Amino acid sequence: YDEEVFEVSTKNKGCDIIERPCINLLGCMTPEITTSLLKQNIISGGFNRRCIFVNSANRGEPNPRPTITEAQKAAWSECLAHCTRLLKISGKFTWTPEAEAFFDHWYVTEKHPKVRSNTDIVTQGYYVTRDVMLLKISMLIALSFSDTLILTDNHLRLGLQMLTSTEYSL
């Protein structure tokens, strides 16, 4: 998850090479099972700190026969077209001065005190890398609005809201 190239060789199956791997995992576990696995050190360390665990508070309204509307079909096509354009985007993000000021202030006044004050090792590990997760989410938000690689304070604010919304059961 942090290598430029991932390569694996097997005796009978040859060699598989994945350039710039980015793994996304969608799993279904209850908060109780997740907590149990964390306490048993089954999921821990660097992998756990690179995860954002999202838990739904409720299941929503029952819908026995879901349908896809024309607006949803159009939105899907629009998303695919945007993602296809993003395949050609690469480079370094630049920050607006407002983004730098917001991030620096948040890092010193919010993020760092939470790391210091938290005594639970798992939760503390989460807060240690929270800034990295915020940056990744904010960059994705920026790319959802534009093909330019510019990070603004609004992207960071929205990213922080999204990240915070996943933490109620932390």
Is it true that some residue in the range 132-142 is in contact with a helix residue (DSSP H, G or I) (Cβ under 9 Å, 6 or more places away or on another chain) and among the polar types (S, T, N, Q)?
yes
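Could you look through the range 30-46, keep only residues that are over 25 Å from Leu140 (Cβ atoms) and of a type in the set (A, V, I, L, M), and pick out the one that is modelled with the highest pLDDT? Please lay out each step first, then the result.
Kept after step one, since they are over 25 Å from Leu140 (Cβ atoms), are these residues of the range 30-46: 30, 32-33, 35-42, 44.
Still in the list and also of a type in the set (A, V, I, L, M): 33, 37-38, 42.
On the way: Ile33: 77, Leu37: 73, Leu38: 68, Ile42: 58.
Step by step, filter the range 30-46, then rank; the result is Ile33.
Checking the structure you have, find out if any residue of the range 16-29 is touching a Cys at 6+ places or on another chain (Cβ under 9 Å) and at pLDDT 70 or above. Walk me through it before giving the result.
The first filter runs over the range 16-29 and keeps only residues touching a Cys at 6+ places or on another chain (Cβ under 9 Å), leaving 25.
From what's left, at pLDDT 70 or above: none.
Looking for residues that are touching a Cys at 6+ places or on another chain (Cβ under 9 Å) and at pLDDT 70 or above, one finds none in the range 16-29, hence no.
In this structure, is Lys73 within 14 Å of the chain's Cα centre (by Cα) and either free of Cβ contacts under 8 Å to residues at least 12 places away in the same chain or under 29 Å from Glu19 (Cα atoms) (or both)?
Working: within 14 Å of the chain's Cα centre (by Cα): no; either free of Cβ contacts under 8 Å to residues at least 12 places away in the same chain or under 29 Å from Glu19 (Cα atoms) (or both): yes.
Judged against the criteria, Lys73 is not a match.
Where in the range 67-170 are the helices (runs of 4 or more DSSP H), entirely inside, with at least 2 residues that are open to solvent by less than 70 Å² (accessible area, probe 1.4 Å), under 23 Å from Ile52 (Cα atoms) and of a type outside the set (D, E, K, R)? Step through it out loud before you land on a result.
Values: elements: 70-86, 97-106, 112-117, 121-128, 130-145, 153-165.
Once the helices (runs of 4 or more DSSP H) in the range 67-170 are filtered for at least 2 residues that are open to solvent by less than 70 Å² (accessible area, probe 1.4 Å), under 23 Å from Ile52 (Cα atoms) and of a type outside the set (D, E, K, R), what remains is 97-106, 112-117, 121-128, 130-145, 153-165.
The values are calculated or read from the model by the stated rules, or taken from the named source; none is laboratory data. Small disclaimer: the values here were computed from a predicted structure and weren't measured. Cβ coordinates were reconstructed from backbone atoms using ideal geometry, including for glycine residues, and neighbour counts include every protein chain displayed. Ligands, DNA and RNA are stripped out before the accessible areas are found, and what is left, the full protein with its side chains, is counted by its heavy atoms. Shrake-Rupley method; radii C 1.70, N 1.55, O 1.52, S 1.80 Å.
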